[in-house]
Each structure stands twice: as C-alpha cells, then as structure tokens.
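Asks: Got a structure for you, written out below as structure tokens; questions coming shortly.
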Amino acid sequence: MSDAPPNPSSLPQKGDLIAGKYKVESVLGAGGMGVVLAASHVTLRQRVAVKFLLPAAMELPSARERFLREARAAAAIQSEHVARVLDVGTLDNGAPYMVMEYLSGTDLGRVQKDSGTLPVAEAVDHVLQACEAIAEAHALGIVHRDLKPANIFLTKRADGSPAIKVLDFGLSKIAKPTDAGPTDASLTETELVIGSPQYMSPEQLRSLKHVDARTDIWSLGVILYLLITGKRPFEGESLPAICASIAADEVPKVRSLRAEVPAELDTVVLRCLEKDVNARTQTVTELARGIAPFGSASAARSLERIAKILPEQPTSVKPAPQTAPPSPEPPTARALTWGQTKGLTQPRRTATLAAGALGLVVVLAVGGSILRIRAQPGASEPAPKPALSEAPSALVSASASAPSVAPSAQASAPALLAAAPSASASAGRGSSPQRGAPGRASPAGSAKPALSADPLDIF
C-alpha cells in the first residue's frame, strides 16, 4: 500500500470515532481495493489498524462477501505470522470495516527496493516464516492467491528478532468448508483477473477460480527469486506482455544473476516456477524442506513447525526393486538350472531360463528316443556273435565311422551313457559290442551330439 493517500470523504476522518471506541489517527496506506487507518481504542489505549473497502471496490460483485471472508480467514489462522483480526463491523453508511493488530515495520516490497538484494540466509528466513502462515492456511483449505512482497510485512518481536506477517486474504480461496466460511465457487468469477500478475501462476492467469495450493507455491518462488536476485523472473511493459512471459518464457537461473547462490537452492527456486503444475513443488512443507538448509539457525525450527502443521503425504511411487548382492563365486551349471539365477542381471536371467528350458526339451527328446528304442522287438535280445572272420572288419568299420562320446557328455549326461549299449546293440546287429572297453563307438549315422554343462553355451 502507498503512504498517506487522500482519505475518501465517505470514510472516517482523523479524530472520528468508529463504533464509538476506535479513534482515527491517520492514514497508514491504501491500495486498489481498500484503505487502512491507524486508530486507538479509547478505553484500552491500544493502537489498532482499521481496514475499509474503497467506494469503487464496493461496487464490484461480491465485494462485501469477500471482505467478510478475508476477516474470517485471517481469524481462523492462529499462526503468529498472520496479522490478527480483532473486530469487524459496518458503518452507518453500510461500509464494512475490519480491526486488526497494529504493526510497526515495512513490507518486503519496500525492503527489496531499499536494499536491492538480501543476504541469502535472510531471504530464506523471511520466506520460511511466510510458509508457516501459508502452511496453516492450506491445512484449513484456504489458498491465499495474492502473495506478493507488498502483502508480506516485516516487523519485530518483543525481543527484537524479525517477524514476518502475511497480510490481505481478500483474494483467498476456500477450497473446502471451514470456520472461515463456505467455498468460494460463487465468489470467484472465472473471467475476473485480480491480483498482481507478476506473482501469479500460469493457471491463475487463465482462471482465478480453478487453482489450488500450488499457485501459492509459485508466488512464494517468485518472491524468493526477487529477494535473492533483485529481479522478478518475468517482466513486461504491459499486462499482455507479462502474461505472455509467464506462459512461455524460460526462467533465468538464479545463479546467472547471482553466482554465489548455491546450486541446490537455485534448483529449489526454479522448481517452484515450473509451468506444469504437476512438475512444480507440491506443498509448502516440501518447499520449506528444500530451502531450510540455506537459512539461519532459526530455519530448522520453522521447518519443524511447518512439517507438524502440514505433514508430507507418502508418495505412491513404487520403490525400486532391490538387487541381490553378487555371488562371490561364478554361478555353476547346477545353480543356473531351473531358474536359479540369483545375482545375475535381468538379461542374463532371461538367457539362463531360456537355456534351461531348451536343455530340458533336449533331455526329454533323447529320453523318449531311448524308450522307443528299448520298446522295439528284439531290442533286449543279445545280438548274435558274428563269425570269427567278420569281427575285425566290423569293429574297424564302426570305429572309423562313428565319433566317440565326448567326455563332457559323460560327466553331464549320464543317462546318455547308460543308454549307449542298447542303442549300439539295436543299430548294428552284425557288430560285436565290446563291454567295458574305453572309447565305445555308436554305429555310423546314429551318434548323438554332446550336451554342454552350461546351458548358456548354446547361445
């Protein structure tokens, strides 16, 4: 609000009594919608601030309802970081008023103009205190929708420490019924653009009605950006130019304007300014947790209070699958059989399972062949011994035409070795089997390929 503007004649003047108990002293400031007067309670001798709507604002749709809702919203929030509402009433001419605690200090807009930029820790502390107030508002279902430096007031506690007060809930949206009043579906015109565009989110520029708590996250990000860099992230010479910049322009990194800012803080601020509302920082608690490490010693206490007021909800993202620690020894053929692939990567496991399945098919096929051979007539009868003169030539022919069974097959496929005598007997009735002889041969054309000990070798 600007200082000491003319007080409309329809409102109380200096020395007038309001409701017979508040004596007007001066004009504290005025804005586009209202004016604030300094007054004192004549009985308690307590200084107060009395807010009125300007006559022009009274003509806007639902102006009186909005004014009353602001009082109720501020009264519902118990945080020390919201200006307390002490009383409400209506003048004889129908003008509503709101009596609030008197604050000594200045708003962050004036602070930023006077200093240009703030120390990073100081800027973070101010925004964290504002987050305490907004966290309680969000917990009650109240969205401020008009957060800007002029509505964040810097005062001092009794001990001299800085204290932030969030002002002006006149544009607040009540997302769910609370003691502050009903939802504002009937109080917000979708086509009505009210507020400060430089601090409004893209979705709020499109519709004041269809926004949620994340529009306040955007505004807090713009405020922190301004306090640290001395510049707003979106500028323009006209309202359409500002709106176009917010909708389309990329935000310059904080570090491009102030190099000593930590990269992690830069990331947090930029995430508050994501145009996609789902990619933006989702809660005030999440924002506070991101910036608290860069504040002063009091930042941790602010974060603790915020987290208690507005606890973070667990995410629905499925946890990443845990990978078993690698085996100290390479997996053997036995460990790789029947899907026992612990410690292998996913592609390796897939190949192992496929190899095991193929090996099983081969074993079953060989076993079936053996059973069919044994089932043939005469297969169990001993082969007639050849004539003594024919034996040498038969043995030489069998030895030259059929390879011997591989040693690996003897080790890994005992079933095949056990079946070799029967196969040899049924395939060559004119030959003489040599029982117990090493390097036993199969008849020509009937030798089986050796199976590998490792199913992965087939690939």
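Asks: If only one of Ala38, Ala63 is at pLDDT 85 or above and either at positive phi or outside the structural domain of Ala163 (by TED's automatic domain parsing) (or both), which one is it?
Replies: Ala38
Asks: Condition first: farther than 21 Å from Pro149 by Cβ and in a helix (DSSP H, G or I). Now tell me which residues in region 235-251 satisfy that.
Replies: Selection gives Pro240, Ala244, Ala247, Ala248.
Asks: Now a separate question. Please state which one of Leu273, Leu310, Leu257 is at pLDDT below 95 and closer than 25 Å to Pro202 by Cα.
Replies: Of the residues listed, the single one that is at pLDDT below 95 and closer than 25 Å to Pro202 by Cα is Leu310.
Asks: Please determine, by comparing only the residues of region 103-124 that are surrounded by 15 or more Cβ atoms within 10 Å (Cβ to Cβ) and among the charged types (D, E, K, R), which one is farthest from Leu147 (Cα to Cα).
Replies: By that ranking, first place goes to Glu122.
Asks: Only one of Ser302, Ser238, Ser207, Ser296 is within 22 Å of Leu167 (Cα to Cα) and in the same structural domain as Phe153 (by TED's automatic domain parsing); which?
Replies: Only one candidate passes the filter, namely Ser302.
Let's see how each residue does on (1) in contact (Cβ under 8 Å) with a residue 60 or more places away in the chain; (2) in a loop (DSSP other than H, G, I, E, B):
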site: Leu205; (1), (2): no, no
site: Val211; (1), (2): yes, yes
site: Ile217; (1), (2): yes, no
site: Leu220; (1), (2): yes, no
site: Ile223; (1), (2): yes, no
site: Leu227; (1), (2): yes, no
site: Pro233; (1), (2): no, yes
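Asks: State whether one or more residues within region 166-174 are part of a helix (DSSP H, G or I) and either charged (D, E, K, R) or farther than 23 Å from Phe294 by Cα (or both).
Replies: No, region 166-174 contains no residue that is part of a helix (DSSP H, G or I) and either charged (D, E, K, R) or farther than 23 Å from Phe294 by Cα (or both).
Asks: Going through region 213-265 one residue at a time, which ones are surrounded by fewer than 16 Cβ atoms within 10 Å (Cβ to Cβ) and within 21 Å of Thr285 (Cα to Cα)?
Replies: Within region 213-265, Pro262, Ala263, Glu264 meet the criteria.
Asks: Output the residues belonging to region 17-34 that are surrounded by 13 or more Cβ atoms within 10 Å (Cβ to Cβ), in a loop (DSSP other than H, G, I, E, B) and not aliphatic (A, V, I, L, M).
Replies: Of everything in region 17-34, those that are surrounded by 13 or more Cβ atoms within 10 Å (Cβ to Cβ), in a loop (DSSP other than H, G, I, E, B) and not aliphatic (A, V, I, L, M) turn out to be Lys21, Gly31.
Asks: Does region 124-140 contain at least one residue that is in the same structural domain as Leu265 (by TED's automatic domain parsing) and over 20 Å from Leu224 (Cα atoms)?
Replies: Within region 124-140, one or more residues are in the same structural domain as Leu265 (by TED's automatic domain parsing) and over 20 Å from Leu224 (Cα atoms).
Asks: Can I ask one more? Picking from Ala130, Ala180, which residue would you name as being at negative phi, modelled with pLDDT of 65 or more and among the aliphatic types (A, V, I, L, M)?
Replies: Ala130
The values are calculated or read from the model by the stated rules, or taken from the named source; none is laboratory data. Owing to the predicted nature of the structure, the values given are computational and were not obtained by experimental measurement. So basically every Cβ, Gly included, is an ideal-geometry build from the backbone, and we count neighbours across all protein chains shown.
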